[in-house]
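Novice: Please find one structure pasted underneath; my questions will follow.
The values are calculated or read from the model by the stated rules, or taken from the named source; none is laboratory data. The shown structure was predicted, so the numbers you read here are calculated from the model rather than taken from an experiment. We place every Cβ from the backbone using ideal geometry, glycine too, and count neighbours over all the protein chains shown. Heads up: the accessible areas ignore ligands, DNA and RNA and are worked out on the full protein's heavy atoms, side chains in. Shrake-Rupley method; radii C 1.70, N 1.55, O 1.52, S 1.80 Å.
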Protein chains: 2
Amino acid sequence: MIRPNKYYSELKDSYLFYNIAQKTKAYVEQHPGTKLLRMGIGDVSLPLCDAVIRALHEAVDDQASKSSFHGYMPECGASFLREKIAEHYEKRGVSLSADEVFVSSGASDELGDILDLFERSSSALVIEPAYPAYVDANVMAGRKIVHLSSSEENNFLPEPGEDIKADLLYICSPNNPTGAVFSREQLQAWVDFANENGSVILFDAAYEAFIEDETLPHSIFELDGAKTCAIEICSLSKTAGFTGTRLGYTVIPKALKRNGMNLNEMWIRNRTTKTNGVSYIIQKGGAAVFTEEGQRQIHENIQIYKRNAKILMKALDQIGIWYCGGKNAPYIWMRCPKGMKSWEFFDYLLHKIQVVGTPGEGFGAAGEGYFRFSTFGSPEDTKEAAERIVTLFSK
Amino acid sequence: MIRPNKYYSELKDSYLFYNIAQKTKAYVEQHPGTKLLRMGIGDVSLPLCDAVIRALHEAVDDQASKSSFHGYMPECGASFLREKIAEHYEKRGVSLSADEVFVSSGASDELGDILDLFERSSSALVIEPAYPAYVDANVMAGRKIVHLSSSEENNFLPEPGEDIKADLLYICSPNNPTGAVFSREQLQAWVDFANENGSVILFDAAYEAFIEDETLPHSIFELDGAKTCAIEICSLSKTAGFTGTRLGYTVIPKALKRNGMNLNEMWIRNRTTKTNGVSYIIQKGGAAVFTEEGQRQIHENIQIYKRNAKILMKALDQIGIWYCGGKNAPYIWMRCPKGMKSWEFFDYLLHKIQVVGTPGEGFGAAGEGYFRFSTFGSPEDTKEAAERIVTLFSK
């Protein structure tokens with residue numbers, strides 16, 4: 001009798017965004033015709049930019065004709081895209097060779113897949129509140145999880161300490177859900193800690209394009225010594241609106257070795273065995289993001305989301321609610337008013353003003369009492385939600 | 001100090017198709033201007049059909065406008081595609097609900113990912129010669145591999161036997177590389193064996209569209225009892241030319257349970273944790289394959305590959321070389337002439353007539369002395385290769 005993976009039974013019953021969807025659905029069924037303002041899930045609302053659309057159409061045309069048709073793509077990514085991404089890093093002073101860049105179907109897929117590189121006996125540090133899949137993907141592998149709580153006291157940016165014993169360190173900066181961003185000095189401390197302890201940092205850089213403060217690092221490889229201790233996982237989902245189009249990339253430096261094994265070479269072996277690469281069409285669309293025109297257009301879109309953030313921040317300022325994020329990140333992390341718990345506040349907002357957000361508790365126990373707003377909605381909805389919030393709390 | 005996955009060091013140094021590429025590249029560098037006929041790797045040469053191209057363009061246009069834009073897709077696949085695939089099964093008399101069908105980025109990705117459902121202590125049966133990734137993906141997980149050799153004596157279609165002890169059973173029919181196809185009776189024996197032993201069959205149906213003999217099963221779910229013991233992994237790569245466009249689907253029946261755990265529910269949990277679904281654009285392209293127009297067009301393309309197979313089969317008949325496959329599968333599996341070993345024959349064909357095939361030994365020890373031709377090349381190249389082969393062996 002084959003045994004299914006027993007660790008699946010250790011997972012919590014269901015998933016944060018699924019619960020939100022179910023509660024919202026039930027409310028809509030009970031209140032037909034209500035206009036709900038969805039500021040919960042971090043999904044983009046703006047379409048793909050023109051440069052990407054044009055590249056996608058051209059790539060589809062390539063697939064229509066024998067002379068330009070592309071069959072199997074290189075498993076680790078097309079050269080045309082890997083080179084463009086390496087050049088993009090170069091502009092920020094990070095020198096990478098194209099074969100240190102791996103094309104993926106997105107950060108979500110990669111965050112799960114990459115764990116195959118490490119022994120299951122290794123432990124994983126998750127700084128909470130955190131994206132719930134960090135924990136779940138490691139539960140599925142039976143890995144020991146070390147929870148490190150962040151809080152208002154440390155601006156949700158905890159420091160490494162001698163008491164922390166973990167092999168794999170998840171760091172997400174700009175952070176989902178808190179919007180907090182590690183400074184160069186703070187991130188350097190984690191890099192040094194990882195190098196001293198032989199740990200590996202999984203650096204989730206999905207939101208780097210939202211950083212406006214020029215002193216903050218976009219990539220962990222801007223820090224000294226990161227190439228011997230970090231893997232950086234990136235995504236075009238929020239940067240360029242690819243949530244439903246799917247493309248990401250991962251940097252594994254050739255200098256990253258543990259126990260005599262080279263992780264870059266191991267990942268090549270993993271990809272050549274377990275994938276046949278990412279769609280030619282989508283990779284062509286992704287390459288357009290890294291052109292001058294593409295960069296200009298995606299930044300125009302990002303500015304629209306940033307204006308959403310300003311509108312929400314202004315509303316919270318007006319009614320005197322504590323929050324962080326919003327400035328260098330697409331999320332605003334607020335303290336629930338009147339000492340409410342986060343699911344309590346979720347229900348309160350849904351029923352009182354039909355605004356949907358994300359309860360902080362869904363990101364781990366350290367998120368209890370907080371609430372996340374996404375700034376990826378439409379400007380109209382965001383403005384209306386801000387007005388409803390101000391009215392509700394000004395009463 | 002984190003420990004990398006130690007099993008990677010147990011993998012063989014490099015990969016079959018990589019070796020072929022290296023040998024071929026070296027030959028071309030030494031003989032510039034040579035016309036090489038590539039019948040090795042199973043990559044398609046015909047472009048995507050019109051119905052798919054049109055659907056892809058429409059989907060790209062959807063992503064260009066706010067009102068039709070698609071963000072995150074359902075992790076297990078878009079309803080529009082899952083329903084079309086379930087209807088496609090219905091036509092063959094297999095009744096599935098849409099939520100037993102999971103959309104994937106392709107069979108190659110899925111064959112690796114799906115292993116997460118099972119304990120690493122479970123063993124895997126690989127019927128050899130076999131697609132090398134079956135073995136490698138399980139070596140990476142530290143799984144015990146049970147090798148079952150097939151041979152000319154059993155037409156490369158071995159029967160289950162009481163001496164076989166394995167939890168996970170890989171069955172690929174039509175087979176890569178031998179082109180052999182299990183009859184209903186033969187496949188029923190494996191289904192019964194799996195149900196009796198509590199094993200799970202991973203049925204690789206990537207080549208089912210090439211079956212022309214109407215008595216042969218396209219899907220394992222055509223057999224009684226398969227829903228309690230099998231997962232079927234399918235791909236549009238060969239069916240519809242999606243090798244570089246990437247789309248596949250996997251069927252996990254709701255009735256498939258082991259040790260009190262439901263594998264369909266486990267896979268939902270896996271997908272919702274570890275992916276954000278497959279590109280909207282590509283799923284729309286895939287849905288066009290299952291329309292009446294799409295089916296007609298892909299079958300026209302398949303007929304072109306089948307004519308290639310006939311040309312090669314005729315050539316081998318003419319010079320009296322034993323082979324199987326070609327009729328219900330896109331591969332022809334031939335015995336190397338003059339007692340040559342398979343890599344020896346690879347070098348011989350490359351150097352004598354500049355034809356590239358795949359050495360049988362690359363599919364496991366049971367493939368030694370055999371050689372695989374792919375029929376996915378262009379008709380012109382296939383014809384020329386057949387002529388060169390006939391000339392070489394008629395001397």
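Novice: Taking the inverse of the average 1/r across all pairs of different Cα atoms in chain A, what Kirkwood radius in Å do you get? Don't skip to the answer; put the middle values down first.
Specialist: On the way: mean 1/r = 0.0454 Å⁻¹.
The Cα-based Kirkwood calculation yields 22.0 Å.
Novice: Would you mind calculating the relative contact order of the range B:1-125 from Cα pairs under 8 angstrom and at least 6 residues apart, reporting the percent as a whole number?
Specialist: Values: 34 pairs, mean separation 15.4, N = 125.
Value for the range B:1-125: 12 percent.
Novice: Rounded to the nearest 5, what % of DSSP beta bridges with both residues in the range B:172-309 are antiparallel? Could you put the intermediate results ahead of the total?
Specialist: Working: 6 of 11 bridges.
Of all bridge pairs located within the range B:172-309, approximately 55 percent are antiparallel.
Novice: Take the Cα atoms of the range A:283-395, find their three principal axes, and give me the spread along each one in whole Å, biggest first.
Specialist: Dimensions of the range A:283-395 along the principal axes of its Cα atoms: 48, 29, 22 Å.
Novice: Please find the FRET efficiency linking B:Ala365 to A:Glu293, where r is the Cβ-Cβ separation and R0 is fixed at 41 Å, and quote it to the nearest 0.05.
Specialist: Working: r = 54 Å, r/R0 = 1.32.
Using R0 = 41 Å, I get an efficiency of 0.15.
Novice: Counting pairs of Cα atoms in the range B:61-103, how many percent are more than 17 Å apart? Please list the in-between numbers first.
Specialist: Numbers: 395 of 903 pairs.
Of all Cα-Cα pairs in the range B:61-103, 44 percent lie more than 17 Å apart.
Novice: GNM on chain B, C-alpha springs below 10 Å: top fluctuator among B:Met39, B:Met313, B:Met140?
Specialist: Taking springs between Cα atoms under 10 Å, the residue moving most is B:Met140.
Novice: Please identify the trypsin sites (Lys or Arg not before Pro) of the range A:29-104 that satisfy two criteria: DSSP loop assignment and at most 14 other Cβ atoms within 10 Å. Which are they? It would help to have the intermediate numbers written out before the result.
Specialist: Working: sites: A:Lys35, A:Arg38, A:Arg54, A:Lys66, A:Arg82, A:Lys84, A:Lys91, A:Arg92; in loops: A:Lys35, A:Lys66, A:Arg92.
Within the range A:29-104, the qualifying trypsin sites (Lys or Arg not before Pro) (loop, at most 14 other Cβ atoms within 10 Å) are A:Lys35, A:Lys66, A:Arg92.
Novice: Put a point 7 Å out from Cα along the line to Cβ at A:Tyr27; what are the distances to that point in the other copies, in nm, shortest first?
Specialist: Counterpart label points of A:Tyr27 in the remaining copies fall at 6.6 nm.
Novice: If you don't mind, another one. Please report, largest first and rounded to whole Å, the three semi-axes of the ellipsoid equivalent to the range B:171-304, where each semi-axis is the square root of five times an eigenvalue of the C-alpha gyration tensor.
Specialist: Working: eigenvalues 134, 99, 24 Å².
Computed over the range B:171-304, the values are 26, 22, 11 Å.
Novice: Hey, any idea what % of the range A:59-153's accessible area is carbon plus sulfur with a 1.4 Å probe? It would help to have the intermediate numbers written out before the result.
Specialist: Details: 1500 of 3220 Å².
Ligands and nucleic acids excluded, carbon and sulfur reach 47 percent.
Novice: Measuring from a point 7 Å out along Cα→Cβ, what nm distances, shortest first, does A:Glu58 have to its partners in the other copies?
Specialist: 2.6
Novice: Then there is this: How much accessible area is lost when chains A and B come together, counting both sides, with a 1.4 Å probe, in Å² rounded to the nearest 100? Please report the intermediate quantities before stating the final value.
Specialist: On the way: alone 18060 and 18060 Å², together 29090 Å².
Between A and B, the summed buried area is about 7000 Å².
Novice: Continuing with this model, one more query. What is the helix-to-structure angle for A:16-30, meaning the angle in degrees between its Cα long axis and the longest Cα principal axis of chain A, kept from 0 to 90 and rounded to the nearest 10?
Specialist: Between the helix axis and the principal axis of chain A, the angle is about 40 degrees.
Novice: By how many degrees, 0 to 90 and rounded to 10, does the Cα axis of helix A:292-319 deviate from the longest principal axis of chain A?
Specialist: The answer is roughly 30 degrees.
Novice: Taking the 0 to 90 degree range and rounding to the nearest ten, how far is the long axis of helix A:379-394 tilted relative to the main principal axis of chain A, both from C-alpha atoms?
Specialist: That works out to roughly 40 degrees.
Novice: Taking every DSSP beta bridge with both residues inside the range A:50-293, roughly what % is antiparallel (nearest 5)? Could the numbers behind the result be given before it?
Specialist: Numbers: 10 of 27 bridges.
Beta bridges within the range A:50-293, antiparallel portion: roughly 35 percent.
Novice: How many angstrom lie between the Cα centre of the range B:258-288 and the Cα centre of the range A:175-216?
Specialist: 31
Novice: Give the aspartates and glutamates whose C-alpha is closer than 17 Å to that of B:Lys238, dropping any in the same chain fewer than 8 places away, or say none.
Specialist: B:Asp43, B:Asp50, B:Asp109, B:Glu110, B:Asp204, B:Glu208, B:Glu212, B:Glu300
Novice: Per-residue mean of other chain beta-carbon atoms within 10 angstrom of the beta-carbon, peptide B:126-138? Spell out each step's value before the answer.
Specialist: On the way: counts 0, 0, 0, 0, 0, 0, 1, 5, 1, 1, 5, 4, 0.
Mean partner-chain Cβ count within 10 Å for B:126-138: 1.
Novice: Let me ask something else. Rounded to the nearest 500 deg cm²/dmol, what is the calculated helix-only ellipticity per residue at 222 nm for chain A, with -39500 (n - 2.57) per DSSP H run of length n ≥ 4?
Specialist: Details: 12 runs with 153 residues, N = 395.
For chain A, the value works out to -12000 deg cm²/dmol.
Novice: For the pair A:Met340/A:Asp192, report the inter-label distance in nm, with labels modelled 7 Å from Cα in the Cβ direction.
Specialist: Calculated label separation equals 4.3 nm.
Novice: Can you tell me which lysines have their Cα less than 16 Å from the Cα of B:Lys144? Leave out same-chain residues fewer than eight positions away.
Specialist: Qualifying lysines at Cα under 16 Å: B:Lys6, B:Lys12, B:Lys165.
Novice: Quick one: net charge of B:Met1's neighbours, Cβ under 9 Å, K/R +1, D/E -1? Write out the running numbers ahead of the final one.
Specialist: On the way: positive: A:Arg258, B:Arg3; negative: A:Asp167.
With Lys, Arg at +1 and Asp, Glu at -1, the neighbours total +1.
Novice: Compute the semi-axes of the equivalent ellipsoid of the protein assembly as shown, taking the square root of 5 times each eigenvalue of the Cα gyration tensor, and list them largest first in whole Å. Mind dumping the intermediate values first?
Specialist: Values: eigenvalues 441, 149, 140 Å².
Working from the Cα gyration tensor, I get semi-axes of 47, 27, 26 Å.
Novice: List the distances, in nm and shortest first, from the label point of B:Lys91 to the matching label points in every other copy, placing each point 7 Å from Cα along the Cα-to-Cβ direction.
Specialist: The answer, with the shortest distance listed first, is 4.7 nm.
Novice: Beyond 21 Å between alpha-carbons counts as too far, so tell me which of A:Lys84/A:Lys254; B:Lys91/B:Lys310; A:Lys274/B:Lys274 fall in that bin. Please list the in-between numbers first.
Specialist: On the way: A:Lys84/A:Lys254 18 Å; B:Lys91/B:Lys310 28 Å; A:Lys274/B:Lys274 15 Å.
Distance filter (> 21 Å) returns B:Lys91/B:Lys310.
Novice: Give me the percent relative contact order of chain A, please, defined on Cα pairs under 8 angstrom at least 6 residues apart. Before the final figure, lay out each step's value.
Specialist: Numbers: 721 pairs, mean separation 92.5, N = 395.
So the answer I get is 23 percent.
Novice: Rounded to the nearest 5, what % of DSSP beta bridges with both residues in the protein assembly as shown are antiparallel? Walk me through the numbers before you get to the answer.
Specialist: Numbers: 42 of 80 bridges.
In the protein assembly as shown, approximately 50 percent of DSSP beta bridges are antiparallel ones.
Novice: Something else now. List the trypsin sites (Lys or Arg not before Pro) within the range B:209-273 that DSSP assigns to loop and that have no more than 14 neighbouring Cβ atoms inside 10 Å. Show your work: numbers first, answer last.
Specialist: Numbers: sites: B:Lys227, B:Lys238, B:Arg246, B:Lys254, B:Lys257, B:Arg258, B:Arg269, B:Arg271; in loops: B:Arg246, B:Lys254.
For trypsin sites (Lys or Arg not before Pro) across the range B:209-273 that sit outside H, G, I, E and B with at most 14 neighbouring Cβ atoms in 10 Å, the list reads B:Lys254.
Novice: Return the aspartates and glutamates within reach of B:Lys341: Cα separation strictly under 15 angstrom, same-chain partners fewer than 8 residues apart disregarded; answer none if there are no such residues.
Specialist: Partners within reach: B:Glu361, B:Glu368.
Novice: Once you average over the residues of A:63-69, how many Cβ atoms of partner chains fall within 10 Å of each Cβ?
Specialist: Counting other chains' Cβ atoms within 10 Å and averaging over A:63-69 gives 5.
Novice: May I pose another question? If the viscosity is 1.567 mPa s and the temperature 4 °C, what Stokes-Einstein diffusion coefficient in µm²/s follows for the range B:1-86 when Rh is the Kirkwood radius over Cα pairs? Numbers along the way, then the final one.
Specialist: Numbers: Rh = 18.9 Å.
Approximately 69 µm²/s, per Stokes-Einstein.
Novice: Distance between the C-alpha centers of the range B:322-395 and the range A:326-393? Whole Å please.
Specialist: Comparing the Cα centres of the range B:322-395 and the range A:326-393, I get a distance of 64 Å.
Novice: Under a GNM of chain A (C-alpha, springs under 10 Å), which listed residue has the highest mean-square fluctuation: A:Glu100, A:Glu214, A:Glu222?
Specialist: Largest GNM mean-square fluctuation: A:Glu214.
Novice: Could you sort the residues of the range B:197-212 by number and keep only those whose accessible area is reduced by 10 Å² or more in the all-protein-chain setting relative to the chain alone, 1.4 Å probe?
Specialist: Residues losing area: B:Asn197, B:Gly198.
Novice: Restricting things to Cα coordinates, could you compute the convex hull volume per residue of the range B:286-349 in Å³?
Specialist: Numbers: hull volume 6.7 nm³, N = 64.
So the per-residue Cα hull volume is 105 Å³.
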